[in-house]
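The values are calculated or read from the model by the stated rules, or taken from the named source; none is laboratory data. Just so it is clear, the structure is predicted and the values come from calculations on it, not from any experiment. A quick note on method: Cβ atoms are made from the backbone with ideal geometry, for glycine too, and the neighbour counts reach across all protein chains shown.
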Amino acid sequence: MFKGTNIDHLDKEIFEGTLKTRLIGRPSSGSNEVHESIDSTNTRAIQLAREGCSEGTVVLARQQTAGRGRLGRQWLSPPDSGLYMSTVLRPSQALVDLPVTTLCIGVAAVRSVFAIAGVEAGLKWVNDLIYDGKKLGGILAEMTAGDQNQPALVVGIGINIRGNKNEVPEELQNKMTWLEQASGTSIDPNALAAELCAQIEDVYFRAADGQVGRILDEWRALSVTLGNEIMVTTGSTQFRGTAIDITASGALIVETDRGKQEVTGGEITVRNVDGSYC
Ligand code: BTN
């Protein structure tokens, strides 16, 4: 059973016919792009932003050959196995800080997977969508100079839709999960993409309306990080502590033996009951 149309792959006409938005996916000039295969939708969206594309332009692909994750990592993007989507925004004030943007888009992503699949995902600081302790998706927000140096924000989202644990690299096998597995239903990527557009638009408009604090409260409620013992890794430095809150600019506040520290980059892992970190 597919929620949306009865289709398991992206189709530009169906995606655009499913949109309920005013801005995202509705460029005033130029058009959205749905690729059979591309290196990276973020790389393409950055190129379009530099060439001056309209705000709200969406780039989607059925497959990425060089999908990118945070910290220079690869994002596995086999054909029709995940949602690979990037959108170009031109924020004026709110959402110019990448950490806070990433957190707000995370909220939009959690709402979307719930609306489409009924799956209650959580958020791990700073960009992970988590279900059942495993990674369901991720966000890569990047700033670029844009046309005539007007800054543009490219928001990339990857969500694992369907796949086989045995077909992913061994080190990821117990760390990844897929939306169809989590929901027990078939997922129409067009419906998921359209819902993401609607939810990104909602957080974007609300942020522009001065409501970032309320979106961050929603992030706190969805967080699988806060209240937990974590390990922070930035470059070659590591320290442990308890994640206690986030700041207004999206930094993670960690209580350590040496007092509170604000984490703005790097990576965290959360302590399991057996003492290991994931
Ligand atoms: C992460 O968890 O590190 C972020 C992953 C972001 C992946 C998405 S897929 C669509 C867009 N294009 C990319 O190359 N990356 C993002």
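Exactly one residue out of Asp209, Asp132, Asp202, Asp188 is under 15 Å from Ala109 (Cα atoms) and either touching a Cys at 6+ places or on another chain (Cβ under 9 Å) or among the charged types (D, E, K, R) (or both): that is Asp202. Summed over the range 117-135, the residues that are surrounded by fewer than 24 Cβ atoms within 10 Å (Cβ to Cβ) and more than 16 Å from the ligand (Cβ to nearest atom) give a count of 4.
Of the residues screened, Ala61 is not one that is closer than 22 Å to Pro151 by Cβ, touching a strand residue (DSSP E or B) at 6+ places or on another chain (Cβ under 7 Å) and among the aliphatic types (A, V, I, L, M). Looking across Gly158, Gly184, Gly163, Gly138, one residue alone is more than 19 Å from Leu71 (Cβ to Cβ), within 15 Å of the ligand (Cβ to nearest atom) and small (Gly, Ala, Ser). It is Gly163. crowded, with 23+ Cβ neighbours inside 10 Å, in a loop (DSSP other than H, G, I, E, B) and within 16 Å of the ligand (Cβ to nearest atom): does that describe Val113? No: the conditions fail for Val113. Count of the range 223-239 residues, restricted to those that are closer than 26 Å to Val154 by Cα, surrounded by fewer than 19 Cβ atoms within 10 Å (Cβ to Cβ) and touching a strand residue (DSSP E or B) at 6+ places or on another chain (Cβ under 7 Å), is 2.
Of all residues in the range 168-184, count the ones that are out of contact with any Leu (no Cβ under 6 Å at 6 or more places or on another chain) and buried (at least 16 other Cβ atoms within 10 Å of the Cβ). Spell out the reasoning first.
Step one: filter the range 168-184 for residues out of contact with any Leu (no Cβ under 6 Å at 6 or more places or on another chain), giving 168-176, 178-184.
Imposing the further condition that a residue be buried (at least 16 other Cβ atoms within 10 Å of the Cβ) reduces the set to 168, 176, 178-183.
So the answer is 8.
Considering the range 146-240, the qualifying helices (runs of 4 or more DSSP H), each wholly inside and each with 1 or more residues that are closer than 17 Å to Gly133 by Cβ, run over 179-183, 212-222. Scanning the range 1-28 for residues that are at pLDDT below 95 and either farther than 19 Å from Ile161 by Cα or among the polar types (S, T, N, Q) (or both) gives Thr5, Asn6.
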